[in-house]
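First comes the structure, then the notes that go with it.
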Amino acid sequence: VQLQASGGGLVQAGGSLRLSCAASGRTFGIYAIGWFRQAPGKEREFVASIAWSGINPNYADSVKGRFTISRDGANNMFLQMNNLKPEDTAVYYCAVRPSSRNRYTDWGQGTEVTVSS
C-alpha cells in the first residue's frame, strides 16, 4: 500500500489542523490504519488508530479528547487535531496494518506539524 500524507503546517497553540492520508494499491488487505508522530530527538510514538471498517478508534492518552481519527468511504484517512499544544510538534506519519500482520508495515512520508506557543 502506498500512502501520501498531507495537511501539516505551522499553527499557534490552541489552533487546529486536519491531516489527510491517501492510500492506494492493495487496500483490500488493510486491517487497521494509524497515525504516529516523531518529535525532534524522540522516538516515534503512537497517536491514534482505527479499524479499516471505521470502528474502534484508539488514542494515546496525550491526545484523547483533542484528536479524532476517521476515514471516508474511499481510501482516505484523517486526523483532526484540535486545541493543539507545543508538545504536539512533530512529524506525523500515517500507516496501515495488513490483515496478515500484527504490526504496521506500510508508512507514508510524514507531514510536519509545528505548534508555536
Check: With every protein chain present, what is the per residue accessible area of the chain (1.4 Å probe, Å²)?
Finding: 53 Å²
Checklist line | Loop sites in segment 41-117: GluC sites (Glu not before Pro), DSSP, at most 13 other Cβ within 10 Å | finding: E43
Item checked: Alpha-carbon radius of gyration plus Dmax, which is the widest Cα pair, for segment 1-72 in Å -> 13.2, 38
Check: Can you give me the relative contact order of segment 40-117 as a percent, contacts being Cα pairs under 8 Å and 6 or more apart?
Finding: 21 percent
Margin query: Using a 1.4 Å probe on the protein heavy atoms, what percent of the accessible area of the chain belongs to carbon and sulfur?
Written below: 46 percent
Checklist line | segment 16-117: trypsin sites (Lys or Arg not before Pro) falling in loop per DSSP and having at most 16 other Cβ within 10 Å | finding: R26, K42, R44, K64, R66, R101, R103
Note to self: Less than 13 Å Cβ to Cβ from G29, Lys/Arg counted +1 and Asp/Glu -1: what total charge do the surrounding residues give?
What the structure shows: +2
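The values are calculated or read from the model by the stated rules, or taken from the named source; none is laboratory data. Everything numeric here is computed off the predicted structure, so don't read it as measured data. As a convention, Cβ positions derive from the backbone with ideal geometry for all residues, glycine included, and neighbour counts pool all protein chains shown. Note: accessible area is taken over every heavy atom of the protein model, side chains too, but ligands, DNA and RNA are not part of it. Shrake-Rupley method; radii C 1.70, N 1.55, O 1.52, S 1.80 Å.
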